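The values are calculated or read from the model by the stated rules, or taken from the named source; none is laboratory data. Since we're looking at a predicted model, the values are computed, not measured. Heads up, the Cβs are rebuilt from the backbone with ideal geometry, glycines too, and the neighbour counts pull from every protein chain shown. Surface areas here come from the heavy atoms of the whole protein model, side chains and all, with no ligands, DNA or RNA. Shrake-Rupley method; radii C 1.70, N 1.55, O 1.52, S 1.80 Å.
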Amino acid sequence: MAVRVGVLGATGAVGQRLIQLLEPHPDFDIAALTASDSSAGKTYRQAAKWRVDSPIPNDIGEMTVTATEPGEVPDDIDLLFSSLPSSIGAEVEPAFCEAGYVVSSNSSNSRMAEDVPLVIPEINADHLDLLEVQRDERGWDGALVKNPNCSTITFVPTLAAIAEYGLEKVHVSTLQAVSGAGYDGVSSMEIIDNAIPYIGSEEDKLETESRKLLGEFDGAELSHNEMAVSASCNRIPTIDGHLENVWVETEDELTPADAAEAMRAFPSLDLRSSPEPLIHVFDEPDRPQPRMDRTVGDGMAIAAGGLQETPFGLQYNCLAHNTIRGAAGASVLNGELLLENGYL
Ligand SMILES: NC(=O)c1ccc[n+]([C@@H]2O[C@H](COP(=O)([O-])OP(=O)(O)OC[C@H]3O[C@@H](n4cnc5c(N)ncnc54)[C@H](OP(=O)(O)O)[C@@H]3O)[C@@H](O)[C@H]2O)c1
């Protein structure tokens, strides 16, 4: 029987993607949709400015949106997918966990908290066991799991694939799509014919989240990876798909051919939304490109290419669909991992 789930922040850019991915999902059944007080009481069709590339599923369009409070969500829902602004997530996610709900969240609040697992299932599924520490410390019946920032998710799998060579220094420069800022995030007057070399708080997220994801969990504590990471984040006028240029210095010698082989061979998982392969490596020097390659692996794979040796170590490009692998798909995948591990 499918698990009853809810979506917090269901009317937003990520919320809509969540609905698109969850509605046909055989393991999950959407039973609650929440948003701000201004949407509460409306049907989903009235409340959401639907902009995803498939119609609103009919039964979802007729559901009533509620306010984002535990008392508004039925008790028999096991799992909540959260795509709220982080300031709102910080207030309400702990209240939902305290009320017994398991929350798979995409918002940035609490990602770096010591007892909150930050998970990309193919990379660090073992960090999910941090939930036992979380429940002991917080006394929750529920639980809180986070997926990383969309730009972090794009480059960390490629690093995981070459980690055995000893990661020392990583430089990453991003070219991020406008959908990453949400529908009201960047005005057309700002971004058309332009590139903006600043995305508030973004660089810090790439630098800290990557070290947590590639850290080691010993059953009680998580130690962060010691590699040095420097990020530079840029907004460009693509709609979806974050492209990133990465330079990596490793302890052991790493040729472009070895790196390509390690990325191609890096294992995926046997979860419904995990793509096979996880990392698609292009031989063509001008790939990956956002418009052509963001839907590789149904938007859940990482695309890489342009591997070459430079005076600053190995250099390559990588790309992921920011609202699928980078946001909604990442939360759904964490939901599948929670289900597989008996948390629902
Ligand atoms: N877009 C991406 O690619 C991406 C990637 C990774 C992470 N994220 C993160 O995901 C989260 C959602 O991003 P988004 O792009 O989907 O944002 P968005 O399009 O602005 O949507 C925000 C959602 O939160 C609801 N909301 C706003 N204020 C609220 C309040 N006071 N109480 C309850 N609900 C409220 C909105 O409901 P109303 O419609 O009623 O206002 C809407 O459903 C953010 O934390 C963002 O940083 C986004």
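Scan the range 207-224 for residues that are within 30 Å of residue 196 (Cα to Cα) and either touching a Lys or Arg at 6+ places or on another chain (Cβ under 7 Å) or of a type outside the set (Lys, Arg) (or both) and the total you get is 6. Out of 245, 194, one residue alone is surrounded by fewer than 18 Cβ atoms within 10 Å (Cβ to Cβ) and either assigned to a strand (DSSP E or B) or of a type in the set (Lys, Arg) (or both). It is 245. With respect to being open to solvent by 50 Å² or more (accessible area, probe 1.4 Å), out of contact with any helix residue (DSSP H, G or I) (no Cβ under 9 Å at 6 or more places or on another chain) and within 11 Å of the ligand (Cβ to nearest atom), residue 37 fits the description.
For residues that are of a type outside the set (A, V, I, L, M) and assigned to a strand (DSSP E or B), tally how many sit in the range 160-191. Walk me through how you get there before you give the answer.
To start, the set of residues in the range 160-191 that are of a type outside the set (A, V, I, L, M) comprises 164-166, 168-169, 171, 173-174, 176, 179-180, 182-185, 187-188, 190.
Still in the list and also assigned to a strand (DSSP E or B): 168-169, 171, 173-174, 176.
Count: 6.
When the range 178-199 is filtered for residues that are within 22 Å of residue 118 (Cβ to Cβ) and modelled with pLDDT of 95 or more, only 199 remains.
Among the residues of the range 18-31, those identified as open to solvent by 10 Å² or more (accessible area, probe 1.4 Å) and either more than 16 Å from the ligand (Cβ to nearest atom) or closer than 11 Å to residue 66 by Cβ (or both) are 23, 24, 25, 26, 27, 29, 31. On inspection, residue 225 does not qualify as open to solvent by 70 Å² or more (accessible area, probe 1.4 Å), touching a residue at least 40 places away in the same chain (Cβ under 8 Å) and of a type in the set (S, T, N, Q). State all residues of the range 83-140 that are of a type in the set (D, E, K, R), within 28 Å of residue 267 (Cα to Cα) and within 18 Å of the chain's Cα centre (by Cα); if no residue qualifies, say none. Hits for the range 83-140 are 111, 122, 126. The one condition from (1) farther than 17 Å from residue 254 by Cα; (2) open to solvent by 30 Å² or more (accessible area, probe 1.4 Å) that residue 177 does not meet is (2).
Give the number of residues within the range 120-143 that are away from the ligand (no atom under 14 Å from the Cβ) and either part of a loop (DSSP other than H, G, I, E, B) or open to solvent by less than 40 Å² (accessible area, probe 1.4 Å) (or both).
Taking the range 120-143 first, the residues away from the ligand (no atom under 14 Å from the Cβ) are 121-143.
Then drop every residue that is not either part of a loop (DSSP other than H, G, I, E, B) or open to solvent by less than 40 Å² (accessible area, probe 1.4 Å) (or both), which leaves 121-125, 127-128, 130-131, 133-134, 139-143.
Qualifying residue count for the region: 16.
Residue pairs whose Cβ atoms lie under 8 Å apart, sitting 6 or more positions apart in sequence or on different chains, and linking a residue in the range 296-322 that is part of a loop (DSSP other than H, G, I, E, B) and within 16 Å of the ligand (Cβ to nearest atom) to a partner that is at pLDDT 95 or above and of a type in the set (Lys, Arg), are 300/325; 321/294.
Yes or no: residue 72 closer than 28 Å to residue 130 by Cβ, open to solvent by 20 Å² or more (accessible area, probe 1.4 Å) and assigned by TED's automatic domain parsing to the domain that holds residue 10? So residue 72 does not fit the description; no.
Set side by side, the residues 270, 283 differ, and just one is under 24 Å from residue 118 (Cα atoms), without any contact (Cβ under 8 Å) to a residue 60 or more places away in the chain and out of contact with any Asp or Glu (no Cβ under 8 Å at 6 or more places or on another chain), which is 270.
Out of curiosity, is residue 290 open to solvent by 10 Å² or more (accessible area, probe 1.4 Å), out of contact with any Leu (no Cβ under 6 Å at 6 or more places or on another chain) and outside the structural domain of residue 104 (by TED's automatic domain parsing)? When the stated conditions are applied, residue 290 does not pass them. Can you find a residue that is away from the ligand (no atom under 16 Å from the Cβ), in contact (Cβ under 8 Å) with a residue 24 or more places away in the chain, open to solvent by 20 Å² or more (accessible area, probe 1.4 Å) and not in a strand (DSSP E or B) anywhere in the range 202-212? Yes. Does residue 98 qualify as being touching a residue at least 40 places away in the same chain (Cβ under 8 Å) and open to solvent by 70 Å² or more (accessible area, probe 1.4 Å)? So residue 98 passes the test. Residues of the range 1-17 that are more than 13 Å from the ligand (Cβ to nearest atom) and either open to solvent by less than 20 Å² (accessible area, probe 1.4 Å) or among the β-branched types (Val, Ile, Thr) (or both): 3, 5.
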